[in-house]
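The values are calculated or read from the model by the stated rules, or taken from the named source; none is laboratory data. It should be emphasised that the depicted structure is a prediction, and the values quoted were computed from it without experimental measurement. Every residue, glycine as well, gets a Cβ built from its backbone with ideal geometry; the counts of neighbours run over all protein chains shown. With ligands, DNA and RNA removed, areas are computed over all heavy atoms of the protein, side chains included. Shrake-Rupley method; radii C 1.70, N 1.55, O 1.52, S 1.80 Å.
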Amino acid sequence: MAFRLLLLLIFPLGLAVPAWGAEVAGVKIDDKARVADTELSLAGAGLRKRVFFQVYAIGLYVRDPKADPISQPGPKRVHIHMLRDVGAEQFIDALAEGIKENHSEAQAKALEPRVKELGATMAAIKEAKKGMTIALDWNGSVTQLVVDGKAAGRPIEGEDFYRALLRIWLGDKPVQEDLKKALLGA
């Protein structure tokens, strides 16, 4: 009884308390996200490092965190919180390189027009600035780039493209092995 009273005093009127699933490099990563009217759960979160620089904190959201995130159907989100400024060209070059590392030459060539389309949207933004959030959302039919909560550029067709993006972090040759493990909740 006393515990319930204490809870009522601390959280009067049942006010919602924000829920964080993880904290990475001082960035609070929400435990839930919503894409295409589907509630997603945080599968894992981690830190992308380059040499000794902290580049971004990243969270992976899926419907079933225990299932393979690449092959499971339905909406998904990769949510990136920039920890330093990165030029648009450098950002998209890193994405393109991650795709090439995890696909055959023919597969990478087939994905190239859509990588360029994503690159054009990033080029219009000019720079991924420290503090900026970038989400790569799969709504079940298209990939949408979302910058600071607002859709940027045109949606990009093809589930194969979204799976290619996921393989940057989760493929056989991930951009960073310990980051792959963190995103998979391992």
Next on the checklist: Within the chain, which whole H helices from DSSP have a Cα span along their axis of at least 27 Å and a mean Kyte-Doolittle hydropathy of -1.0 or more, if any?
Outcome noted: 105-125
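For the pairs 126/181; 28/100; 109/129; 32/181; 76/126, note any where the Cα-Cα span goes beyond 21 Å.
From 126/181; 28/100; 109/129; 32/181; 76/126, over 21 Å: 126/181; 28/100; 109/129; 76/126.
Taking only protein heavy atoms into account and a 1.4 Å probe, give the accessible area per residue of the chain in Å². Mind dumping the intermediate values first?
Numbers: 10480 Å² over 186 residues.
That works out to 56 Å² for each residue.
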Item to check | Fully extended contour minus Cα-Cα distance, from residue 107 to residue 141, at 0.36 nm per residue | outcome: 10.3 nm
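Out of all Cα-Cα pairs in the chain, roughly what percent, to the nearest whole number, are more than 27 Å apart?
On the way: 4766 of 17205 pairs.
In whole percent, the share of Cα-Cα pairs in the chain beyond 27 Å is 28.
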Next on the checklist: I'd like to compare 54-64, 103-113, 137-147: which one has the highest average count of other Cβ atoms within 10 Å, and what's the full order after that?
Outcome noted: 54-64, 137-147, 103-113
Checklist entry - Shape call for segment 81-186 from the C-alpha gyration tensor, a ≥ b ≥ c root eigenvalues: rounded (a/c under 1.5), prolate (a/b greater than b/c) or oblate? => result rounded
Checklist outcome for this item: Cross-link reach from residue 49 to aspartates and glutamates, straight Cα distance under 17 Å and at least 8 residues apart if same chain, gives 23, 85, 93, 97, 177, 178
Item to check | Positive-pole candidate from 92, 107, 81, dipole of segment 74-117, charges at beta carbon | outcome: 81
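For the chain, what does the helix formula give at 222 nm: sum of -39500 (n - 2.57) over DSSP H segments with n ≥ 4, over the residue count, nearest 500 deg cm²/dmol?
Working: 5 runs with 63 residues, N = 186.
Rounded to the nearest 500, it is -10500 deg cm²/dmol.
Just the number, please: carbon plus sulfur as a percent of the accessible area of the chain, 1.4 Å probe, no ligands or DNA/RNA counted. Walk me through the numbers before you get to the answer.
Working: 5770 of 10480 Å².
About 55 percent, which is the carbon plus sulfur part of the accessible surface.
From the square roots a ≥ b ≥ c of the eigenvalues of the alpha-carbon gyration tensor of segment 67-122, which class results: rounded (a/c under 1.5), prolate (a/b over b/c), or oblate? Before the final figure, lay out the partial values.
Values: a/c = 1.89, a/b = 1.12, b/c = 1.69.
Taking the square roots of the gyration eigenvalues as a ≥ b ≥ c, segment 67-122 is oblate.
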Checklist outcome for this item: With +1 on the Cβ of every Lys and Arg and -1 on the Cβ of every Asp and Glu, the dipole magnitude of the chain about its Cα centre, in debye rounded to the nearest 20, is 380 debye
Next on the checklist: Under 5 Å between amide hydrogens, which residues at least 5 positions from residue 185 or on another chain qualify, with H placed 1.01 Å from N in the peptide plane?
Outcome noted: 45
